[in-house]
Amino acid sequence: MTPSAHDAIIKTLLAVEKKQVDALNKFPNAQRCCFELYGFDVIFDTDCKAWIIQIDSKPGFGGMNPLDECTAAILQCDTINLVGIHPYNKSQTPETSPFEESMDMAKLEGLVKDKKGFLPEDKLNKHELALVYDFEEEEIRIGNFQRIFPKQENAMKYLDLMEEKRYQNFF
């Protein structure tokens with residue numbers, strides 16, 4: 001995908017971010033188990049500028065040719081891997097959250113310090129460190145996806161477009 005397409009997609013998602021975040025905040029206990037997959041239809045003009053034609057909030061994967069079926073299967077697998085969904089097994093369900101137990105606060109603080117000039121230098125709280133942990137985990141599970149935002153090189157570029165400045169948009 002071209003930088004022009006990335007830019008159009010990022011701006012579109014930032015335009016609806018507050019509404020999406022407000023909806024997600026209605027269910028604070030479910031924030032770590034929710035995701036949405038969008039399909040963007042993009043066309044390019046003669047100057048190679050990207051224009052979004054349509055956004056599918058529920059892209060369909062039915063009635064396709066063999067190539068589309070293979071691509072859709074890879075997309076679905078990568079999506080499940082990226083969001084970190086694991087099969088449920090009651091006998092292996094711990095009494096406490098494995099996320100809380102496995103979080104090495106010193107290691108996470110080290111990850112933050114490695115990104116100097118991007119994150120605030122002050123001490124991060126447990127919620128902010130959890131964001132760092134989630135970000136690092138997503139990078140491991142990214143599959144065939146490509147992160148286009150937030151990235152160190154583009155987070156500040158879109159600052160004026162953000163209705164609310166949120167820590168998650170700068171990591």
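The values are calculated or read from the model by the stated rules, or taken from the named source; none is laboratory data. Worth saying up front: this structure is predicted, and the values here are computed from it rather than measured. With ideal geometry, Cβ positions are generated from the backbone for all residues, glycine too; neighbour counts draw on all protein chains shown.
Details
- Flag for Ile9 being part of a strand (DSSP E or B) and modelled with pLDDT of 90 or more: no
- Cross-chain or 6+ apart pairs with Cβ under 6 Å, region 57-76 first and under 21 Å from Ile142 (Cα atoms), then among the hydrophobic types (A, V, I, L, M, F, W, C) and not in a helix (DSSP H, G or I): Ala72/Phe61
- Residue match in region 125-146 (condition: closer than 25 Å to His6 by Cα, modelled with pLDDT of 70 or more, among the small types (Gly, Ala, Ser) and surrounded by 13 or more Cβ atoms within 10 Å (Cβ to Cβ)): yes
- Within region 48-56, the presence of at least one residue that is at pLDDT 85 or above, among the polar types (S, T, N, Q) and assigned to a strand (DSSP E or B) is confirmed.
- Test: residue in region 77-89 that is over 30 Å from Phe61 (Cα atoms) and either assigned to a helix (DSSP H, G or I) or modelled with pLDDT under 70 (or both): no
- Residue check: Glu100 meets all listed conditions (1) in a helix (DSSP H, G or I); (2) modelled with pLDDT of 80 or more; (3) not hydrophobic (A, V, I, L, M, F, W, C) but one, namely (2).
- Only listed residue being exposed (fewer than 10 other Cβ atoms within 10 Å of the Cβ), in a helix (DSSP H, G or I) and of a type outside the set (Lys, Arg), chosen from Leu14, Leu24, Leu67: Leu67
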